[in-house]
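Chemist: Take a look at this one; I'll ask things after.
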């Protein structure tokens, strides 16, 4: 019994002592995890503090003002115009063709030379016609002699009146044959129907030509027409005598002045436009028929117009705008500076480097003249016009 009791007490003593080593193994892991968490929180807090500091500094930072060029809104009396596209045509111009067939025997002009009215241009061979003319003239002389004898005999009542009429009819027929041959010869001698400049000839000496073949073109260039069309809505605004200005890409930098000379009485039913013609002086022959032309019809009245450089406008589908330069005092520093205010405007016609403004601006306001696309509302700016472009109402760009 004593032995069993001793073993039992020994086992109880062992079981009560064994949990102590397990408690000592969990303690270091807990403190390691806790340390790592504290390090992570400290690092996160430091980064958050840095971000907050940077945000606060960013809000407090004021960006430097942007340099811009400026222009003043101006006002002037603009003469309204109607613009159109047309082409140059000669006052007199024709392509001379052969009226009769024949062989070219002589050419009496140089291509591109000036010719006078009635001056011979070229001749076709008329040898056969000249021979026929002589025969016809001989027949006419014979018929004239017979007519004279018949006239004397008729006065003495030797022949009847019908015989005299027959003699006179034969003479008239012979004379008509002479005139017909002379007309044929004249038609084979082609003369200038009006004064002008001869073009490049289409034929050469010895060449056979048929009826209707082109021989040479002839154009009068001292004065030319410009033909163009206007919408029917513009018809009440125009009248014969209004001044026009004409320019062409073929002659950059030159402007030709003239006046409206004719307005077609009918309106084209397909396009609802009316054909208009203006006359231009062209003493140096700079304008040539067929040239493309830009036409401006100057209307008589003048309109007071506000205008700005076209480069100042920020074009957008939702509305065109500009930036007005205004003085504004900073609330914190109390310093006065220049800031931008976006202003939406309504535009009118364009003239040279300027565009008219019908709504949104007043005379004398200062606006940004270039680079509006990179600006924003409320931006601080400084003005420097040293390199500012100089817009003109009638620019003459140098394309060389």
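Every number here is computed from the coordinates shown, using simple stated rules; none is lab data. Computed from a prediction, not measured in an experiment: that's the story for all the values here. So basically every Cβ, Gly included, is an ideal-geometry build from the backbone, and we count neighbours across all protein chains shown.
Chemist: For the residues 161, 123, what sequence is obtained by ranking on other C-beta atoms within 10 Å, fewest first?
Modeler: Ascending number of Cβ neighbours within 10 Å: 161, 123.
Chemist: Same structure, new question: Computed from these coordinates, which is volume of the Cα convex hull per residue in Å³: (i) 134; (ii) 435; (iii) 154?
Modeler: (ii)
Chemist: To test your reading of the geometry: what angle, between 0 and 90 degrees and rounded to tens, separates the Cα axis of helix 127-155 from the longest principal axis of the chain?
Modeler: 40
Chemist: Hey, what angle do you get for helix 161-187 against the long axis of the chain, alpha-carbon based, 0 to 90 degrees rounded to 10?
Modeler: The angle comes out at about 40 degrees.
Chemist: Turning to a different aspect of this structure: Among 250-262, 106-118, what's the highest-first ranking by average C-beta atoms within 10 angstrom per residue?
Modeler: So the order, starting with the most tightly packed, is 250-262, 106-118.
Chemist: Mind pulling the angle between the C-alpha long axis of helix 20-60 and the longest principal axis of the chain? Nearest 10 degrees, somewhere in 0 to 90.
Modeler: In the chain, helix 20-60 runs at an angle near 40 degrees to the longest axis.
Chemist: How much mean residue ellipticity at 222 nm does the chain get from its helices, if each DSSP H run of length 4 or more adds -39500 (n - 2.57) and you divide by all residues, to the nearest 500 deg cm²/dmol?
Modeler: Here the helix-only value at 222 nm equals -10000 deg cm²/dmol.
Chemist: Next up: So how far, in whole Å, is the C-alpha centre of the range 76-153 from the one of the range 336-400?
Modeler: 64
Chemist: Another question, then. Using the per-residue mean of other Cβ atoms lying within 10 Å as a proxy for protection, in what order, highest first, do the peptides 385-394, 277-286 fall?
Modeler: 277-286, 385-394
Chemist: From the alpha carbon gyration tensor of the range 290-368, can you work out the equivalent ellipsoid semi-axes (sqrt of 5 times each eigenvalue) and give them in Å, largest to smallest?
Modeler: Details: eigenvalues 245, 39, 23 Å².
So the three semi-axes of the range 290-368 are 35, 14, 11 Å.
Chemist: Rank these for me by crowding, 263, 308, going from fewest to most other beta carbons within 10 Å.
Modeler: Ranked by crowding around the Cβ, least crowded first: 263, 308.
Chemist: Rounded to the nearest 0.05, what FRET efficiency do residue 51 and residue 272 have when you use their Cβ-Cβ distance and R0 = 56 Å?
Modeler: On the way: r = 68 Å, r/R0 = 1.21.
E between residue 51 and residue 272, to the nearest 0.05, is 0.25.
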